[in-house]
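Here is the structure we will look at.
The values are calculated or read from the model by the stated rules, or taken from the named source; none is laboratory data. Fair warning: this is a prediction, and the values are worked out from it, not measured in the lab. Methodologically, a virtual Cβ is constructed for each residue, glycine included, from the backbone with ideal geometry; neighbour enumeration extends over all protein chains shown. Ligands, DNA and RNA are stripped out before the accessible areas are found, and what is left, the full protein with its side chains, is counted by its heavy atoms. Shrake-Rupley method; radii C 1.70, N 1.55, O 1.52, S 1.80 Å.
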Amino acid sequence: MNIKIKKILGISALVFFVLASGACKRKNEAKERIQAEREKWEASLPDSLKAVERQTDSIKAELQALNNCFEAMVHTFEYVDNPREVEGYYIAGAWKGIYPLKKTGLVGRITKNEKLELIAALAGGAHFDRLRVEANGQTAETSVVRHDQALNYRMEGLNTVCFSDSAATSCARLIAENNGSDIKIIYLERDRQTGALSYPKQDQSIMMSTWNLYEVASRISRDERMIPMLAKKGAIISQKIESLKK
């Protein structure tokens, strides 16, 4: 082996040693960083548990206030449990006398499962499968509900349709937010206007009350779902804290 080859081998060995040392150092640094982050996370667990407990207390207090609000509001509504309906619903007492609708109009009701439904009717033999609400330059439209004799049914010159998705909720919100304004309800059949209604101020006020009750009911439902989720999260954190003590 000549001197030149020995020098090359020596340099290669040195380079390998330097690279190996660097890799080993980086690996150790990564382990130390991960360990430090884990220790930091473990030290933060008691604070995380306290945060969950504070959030739980806050939601429970809010839930109590919301339930009180619901009880104060619901006395102007009537609960109807009709065996011909899929589920019971709340409807404003002021609308109870005119519902089911027998002429052109629009009412709202809240199902037992906190779903807002808009029930619209159009008299005179014309048909519709969608609504558009116009108020102060703003518009909102329901989804299309095709004629099926269930949610969209026709009887003796009166077409009645039940709208119950998020689009219907947006229409109710628009009416509630513009209570007291000039609000128009446009009836549409396959994108063609087949009727219109200047929504009466009294009905606007009742729809706003219905919307407000729906909002409270929705928040109650959300909080009731959150409490067991937080309890589960708190239990997991507590178990981890206890395991670290062993």
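Restricting the range 151-185 to residues that are among the hydroxyl-bearing types (Ser, Thr, Tyr) and in a strand (DSSP E or B) leaves a set whose member that is least open to solvent (accessible area, probe 1.4 Å) is Thr160.
Does the range 201-220 contain any residue that is closer than 17 Å to Ser143 by Cβ and of a type in the set (Asp, Glu)? No, every residue in the range 201-220 fails to be closer than 17 Å to Ser143 by Cβ and of a type in the set (Asp, Glu).
Taken over the range 89-131, the residue count meeting the criterion of being buried (at least 17 other Cβ atoms within 10 Å of the Cβ), over 19 Å from Ser218 (Cβ atoms) and charged (D, E, K, R) is 2. Number of residues in the range 186-223 that are open to solvent by 60 Å² or more (accessible area, probe 1.4 Å) and in a strand (DSSP E or B): the value is 4. Only residues that are open to solvent by 20 Å² or more (accessible area, probe 1.4 Å) and touching a Ser or Thr at 6+ places or on another chain (Cβ under 6 Å) were counted in the range 133-147, giving 1.
Matching residues to (1) charged (D, E, K, R); (2) open to solvent by less than 100 Å² (accessible area, probe 1.4 Å); (3) at pLDDT 75 or above; (4) assigned to a strand (DSSP E or B):
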site: Ser12; (1), (2), (3), (4): no, yes, no, no
site: Ser44; (1), (2), (3), (4): no, yes, yes, no
site: Gln55; (1), (2), (3), (4): no, yes, yes, no
site: Glu62; (1), (2), (3), (4): yes, yes, yes, no
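Of the residues making up the range 180-214, those that are out of contact with any strand residue (DSSP E or B) (no Cβ under 9 Å at 6 or more places or on another chain) and either under 20 Å from Ser166 (Cα atoms) or modelled with pLDDT under 95 (or both) are Met208, Asn212.
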